[in-house]
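Coordinate-derived values only; no laboratory data. Just so you know, these numbers come straight off a predicted model, no measurement behind them. Methodologically, a virtual Cβ is constructed for each residue, glycine included, from the backbone with ideal geometry; neighbour enumeration extends over all protein chains shown.
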Amino acid sequence: MKFKKFFLPILFFFVLTISNAQEEDIFGISNKAKNPKSESSIGNFTRNVMEMFSLEISGGGAYHQTKMPFYTEIPSLYPFYQVKNFENQLELKDEIPLDMKGNNWAYPVNVGLRINLFNTITIGGGYGREWGSISPLEGGDHQFTFEGSSYQVSKLYGTVGLILWDARKRAKFLKWQYRSYASANLYMQSELRQRVKQNYPWRFILEGEYGQMDLQESFDPRIALVDEPYYGFGLRIEREFSEYAKLFIKGGAEFRNFTFAASDYTEFQNMDQTVYALQVGMAMTLPGTKRCKIQGCGVVMKHMHNGIEYRGSSIFLFQNRKVGQRY
């Protein structure tokens, strides 16, 4: 009897010591905020930086509108024709300046790199290609025709985004909603904690774009891009499938400028193009945590081996999955 009284406290103290030494991680699952991802400090720093970057690819469709405020004293220098009211030909000077307009479709593809800073802003850049067609411009009874109808442009661009809404901002909003309930109201406080802990995969980003374009294939040899950067803005909606994989849709507008030269290159007409694009893409965050390859380890969550953090699941799955998420 005396042996049991002496042995049980020692056994309890021994188990408690082991649990504390493993930081409540007796099943190989770590709850530490910052786990080392490499054996060396340089490797750990590099892997933490890697997780800030995402690679992405997107494509979609775009509708563009082109405008030309046409004015000249010598219409014969341009492919400018009166296509209506042939019986009542008017002098061009009576109708100018003419607002010439046209529209058609284009198909952009972009590849980029993006960095997330403090879940507040995003900074990125990339390379894009666009294949499109352009129709003759029309204004009044007149038409402005081009030698061809298809074009191809490439672009190098940078982006800056402001995160308007995500899981963290939702959690803050929920706490604000429940601010009137006392801390002693256990039912409402429990409801708040459950809603905050829910997986919220959506993110809304207001994004600006700024870059330089290059005309690879032109619809007319007298067309030239204005030597000025283009700019645009849009709304990006992301849906996370894991910590590393997300699908996004982005809609917005871009503004570009062209010039069209007269046949003798003595004067130019300005052309303004507005492109309304809708794109769908996939973004992959570079995984800083290595995949566990230890034989016999079946842990599917992030866990530790010899003080180093490993992941037990594909980058397309949440690493520390909750109730209702895919197992």
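Computed quantities for the displayed model
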| read-out | value |
| --- | --- |
| Sequence-separation-based contact order of the range 53-285, relative, with Cα cut under 8 Å and 6+ spacing, percent | 23 percent |
| Chain lengthening between ARG321 and ASP99 when straightened (0.36 nm per residue, less Cα-Cα) | 74.0 nm |
| Using θ = phi - 60° and Karplus 6.51 cos²θ - 1.76 cosθ + 1.60, couplings along the range 150-166 (whole Hz; Gly, Pro as x) | 10, 8, 8, 10, 10, 8, 10, 9, x, 9, 9, x, 10, 6, 7, 7, 7 |
| Cβ-based exposure ranking for SER41, SER54, in which fewest neighbours within 10 Å come first | SER41, SER54 |
| Within the range 247-268, backbone nitrogen closer than 12 Å to the virtual label 7 Å beyond the Cα of GLU228 toward Cβ | 255-259 |
| Unsatisfied cross-links (Cα-Cα over 32 Å) in the set LYS37/LYS322; LYS101/LYS169; LYS155/LYS197; LYS155/LYS290; LYS172/LYS250; LYS169/LYS302 | LYS101/LYS169; LYS155/LYS197; LYS155/LYS290 |
| Whole-Hz ³J(HN,Hα) from phi, Karplus 6.51 cos²θ - 1.76 cosθ + 1.60, for the range 243-248, glycine and proline x | 5, 10, 10, 8, 10, 9 |
| Extension gain, LYS197 back to ILE42 (0.36 nm per residue minus Cα-Cα distance, nm) | 52.5 nm |
| Residue order, fewest to most surrounding Cβ atoms within 10 angstrom, among THR145, THR120 | THR120, THR145 |
| Per-residue Cβ neighbour rank within 10 angstrom, fewest leading, ILE205, ILE57 | ILE57, ILE205 |
| Counting DSSP beta bridges with both ends in the range 232-327, the antiparallel % (nearest 5) | 95 percent |
| Under Karplus coefficients 6.51, -1.76 and 1.60, residue-wise ³J(HN,Hα) of the range 217-228 in Hz, glycine/proline x | 9, 9, 8, 7, x, 8, 8, 9, 6, 5, 6, 9 |
| Simple Cβ-charge dipole of the range 175-327, Lys/Arg +1 and Asp/Glu -1, about Cα centre, in debye nearest 20 | 2040 debye |
| Placed amide H near PHE241: partners under 5 Å, 5+ positions off or other chain | LYS246, LEU247 |
| Cα gyration tensor category, rounded, prolate or oblate, for the range 121-227 with a/c compared to 1.5 | prolate |
| Nonlocal amide H pairs with GLU267, under 5 Å, H built at 1.01 Å | ALA262 |
| Estimated FRET transfer efficiency when R0 is 22 angstrom, pair SER314-MET52 (beta carbons, to 0.05) | 0.60 |
| Sites TYR63 and ASN185 - FRET efficiency at Förster radius 56 Å, r taken between beta-carbons, to 0.05 | 0.60 |
